[in-house]
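Right, one structure below, let's go through it.
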Amino acid sequence: QVQLVESGGGLVQPGGSLRLSCAASGRTFTINSMGWYRQAPGKQRELVATIASGGSTNYADSVKGRFTISRDNAKNTLYLQMNSLKPEDTAVYYCNAVLQVSIEAKYDSWGQGTQVTVSS
């Protein structure tokens, strides 16, 4: 059982920055990879960035060079630093955790999302 709570979303002008946080609670020791996903109005959910327990990362092409994903395992918190924001980044951003509950069993946990709106 892991609960994820996102925060840090809001309204920002194009070119601005936001930092999203995702606080995990519960059986956080089971968390393996974590990631950020987003869903814009009228579009399907898409991967933004992921980070493995060892720290390796990957990013969607659309955010490379602008976004940085990181995690603080001691605080059980995931972050997404978003710079040079564009209107196309407007979406609900969701935190995801892959839970390794046993050698065989993996499950996903999701936050409820935080709204990011980029507009002038």
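The values are calculated or read from the model by the stated rules, or taken from the named source; none is laboratory data. Computed from a prediction, not measured in an experiment: that's the story for all the values here. Cβ coordinates were reconstructed from backbone atoms using ideal geometry, including for glycine residues, and neighbour counts include every protein chain displayed. Ligands, DNA and RNA are excluded from the accessible area calculation, which covers all protein heavy atoms including side chains. Shrake-Rupley method; radii C 1.70, N 1.55, O 1.52, S 1.80 Å.
A few points about this structure:
- Set of aspartates and glutamates with alpha-carbon distance to LYS75 below 19 Å, sequence-local pairs under 8 removed: GLU6
- Think of the chain as having a plus end and a minus end, set by charges on the Cβ of Lys, Arg, Asp and Glu; of GLN112, ILE31, SER56, SER56 sits farthest toward the positive end of this dipole.
- Excluding ligands, DNA and RNA, the accessible surface per residue across the chain is 55 Å² with a 1.4 Å probe.
- A simple charge model with +1 on the Cβ of Lys and Arg, -1 on the Cβ of Asp and Glu and nothing else charged puts the dipole of the chain at about 120 debye relative to its Cα centre.
- Hull volume in cubic angstrom per residue (convex hull over the Cα atoms of segment 1-56): 118
- For the chain, carbon and sulfur atoms together expose 46% of the accessible surface, with a 1.4 angstrom probe and every protein chain in place.
- The chain, relative contact order [Cα under 8 Å, separation at least 6], %: 36
- Here's the list of lysines a cross-link from LYS86 could span, going by alpha-carbon distance under 24 Å and ignoring same-chain residues fewer than 8 apart: LYS43, LYS64.
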